[in-house]
Amino acid sequence: MSRQIRSCMVLALVGAALVCGQAAAQQKEPDWSKVQIKVTKVSGNIYMLEGQGGNIAASVGEDGIVIVDDQFAPLAEKIQAALKELKITDKPVRFVINTHYHGDHTGGNVPFSNVGSTLIAQDNVRKRLETGGAAGNGGSIKMDVKPAEKAALPIITFEHDVTVHLNGEDIRALHFPSGHTDGDSIIFFPKNNVVHMGDDFVRYGFPFIDVASGGSVQGMINAMEKATAQLPADVKVIPGHGAISNLDDVRAFTKMLKETSAAVQKALNEHKSLERMEQEKILAPWAKWKGDFVNEDAFIETLYNSLTGHKGEFVKHN
């Protein structure tokens, strides 16, 4: 698969706001009318919604609704309808917490904001939405992000953590720096023993690490290890993408990150070039993790750029 094609395929993960060129974006535009919102009860009054884009977590109760991430703008009405069909509350979505700034997790910010939902995110999420720039793995995967409109910007931001007290629960959003991006939050629902990991933990294989947006493999490893240490052994895990998981799944993912980054670091210590690492297929032992979005060469490049500090050019728009 060519790197150009691979870069465009990443659109399905990082959202319609990240484009590989107008023609590619038009070709990848989903038929929103065919997207169905699947709702799964996770625990107590916590639900997971799947559609197109990142997984949504929802706390639905007598005080109203809090959702974590909101997929894409054309799906906002379907998401609201799916929540109403639960017949738990007639109250609206009061808060939207963004786990990071990518368009497949924040694309619905505008329609939710326009009907009165309060947007919450870590400081860097607002900054990156406001300025736009380049996203990618520091090399072949590179996408342009346009500045978001005012209504898409979180109006409550935090540096380290924030707690939303709703539906009898202390919903905690904790910032874990420099993982998937520099604005990642992991969201805990302690009463219901559920956690939403955002894209610091995904189930599609090798992860997309947005090195150009301050992400790093070491930051992702640190986030998973620190979060795992704080969580109950039987916690239910909502990944940024993929099926409901448990801590064994998170540990397997973290183990892969540590082993693959160690393999690339060893090659760096031996003064091997990126091209040679790809030629030698140094990630072949972890081939089961490769996917259509991030294959072995793309992940070698990601790790190489992360470990060497090569973030790629960050372009600000006027």
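The values are calculated or read from the model by the stated rules, or taken from the named source; none is laboratory data. The structure displayed is predicted, hence computed values, not measured ones. Note: ideal-geometry Cβ built from the backbone for every residue, glycine included; neighbour counts use all protein chains shown. Side chains included, ligands, DNA and RNA excluded: accessible areas come from the protein's heavy atoms. Shrake-Rupley method; radii C 1.70, N 1.55, O 1.52, S 1.80 Å.
One line per residue, one yes/no per condition, for (1) modelled with pLDDT of 95 or more; (2) touching an Asp or Glu at 6+ places or on another chain (Cβ under 7 Å):
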{"residue": "H105", "(1), (2)": "yes, yes"}
{"residue": "V110", "(1), (2)": "yes, yes"}
{"residue": "N114", "(1), (2)": "yes, no"}
{"residue": "A121", "(1), (2)": "yes, no"}
{"residue": "E130", "(1), (2)": "yes, no"}
{"residue": "S140", "(1), (2)": "no, yes"}
{"residue": "D144", "(1), (2)": "no, no"}
{"residue": "E149", "(1), (2)": "yes, no"}
Quick check on segment 199-228: of everything there that is surrounded by fewer than 24 Cβ atoms within 10 Å (Cβ to Cβ) and among the polar types (S, T, N, Q), which residue is nearest to W286 (Cα to Cα)?
Q218
Result of the Cβ filter at 9 Å on segment 115-132, keeping first residues that are outside any loop (DSSP other than H, G, I, E, B) and acidic (D, E) and partners that are surrounded by fewer than 22 Cβ atoms within 10 Å (Cβ to Cβ) and at pLDDT 95 or above, at least 6 apart or interchain, is D123/T157; D123/F158; D123/E159; D123/H175; E130/P147; E130/A148; E130/K150; E130/L153
Determine if segment 85-92 includes at least one residue that is at pLDDT 95 or above, outside any loop (DSSP other than H, G, I, E, B) and not small (G, A, S).
no
Does any residue of segment 249-257 turn out to be buried (at least 16 other Cβ atoms within 10 Å of the Cβ) and either charged (D, E, K, R) or farther than 30 Å from M48 by Cα (or both)?
yes
Need pairs with beta-carbon distance below 7 Å; first residue within 17 Å of I238 (Cβ to Cβ) and within segment 249-264, second open to solvent by 10 Å² or more (accessible area, probe 1.4 Å) and assigned to a helix (DSSP H, G or I); sequence gap 6+ or separate chains.
V250/T228; R251/T228; T254/E225
With respect to A243, determine if the residue is assigned to a loop (DSSP other than H, G, I, E, B), in contact (Cβ under 8 Å) with a residue 40 or more places away in the chain and surrounded by fewer than 19 Cβ atoms within 10 Å (Cβ to Cβ).
yes
Going residue by residue through segment 102-119, is there one that turns out to be over 25 Å from E62 (Cβ atoms) and surrounded by fewer than 16 Cβ atoms within 10 Å (Cβ to Cβ)?
no
Which residue is farthest from S213 (Cα to Cα), if the candidates are limited to segment 264-309 and must be among the β-branched types (V, I, T) and surrounded by fewer than 20 Cβ atoms within 10 Å (Cβ to Cβ)?
I282
How many residues are assigned to a loop (DSSP other than H, G, I, E, B), touching a residue at least 12 places away in the same chain (Cβ under 8 Å) and out of contact with any Leu (no Cβ under 6 Å at 6 or more places or on another chain) if we restrict to segment 291-311?
6
In segment 49-79, what count of residues is obtained for those that are acidic (D, E) and either surrounded by 24 or more Cβ atoms within 10 Å (Cβ to Cβ) or closer than 17 Å to R172 by Cβ (or both)?
3
Could you list, in sequence order, the residues of segment 151-173 that are open to solvent by 20 Å² or more (accessible area, probe 1.4 Å) and within 19 Å of the chain's Cα centre (by Cα)?
T157, E159, H160, D161, V162, R172
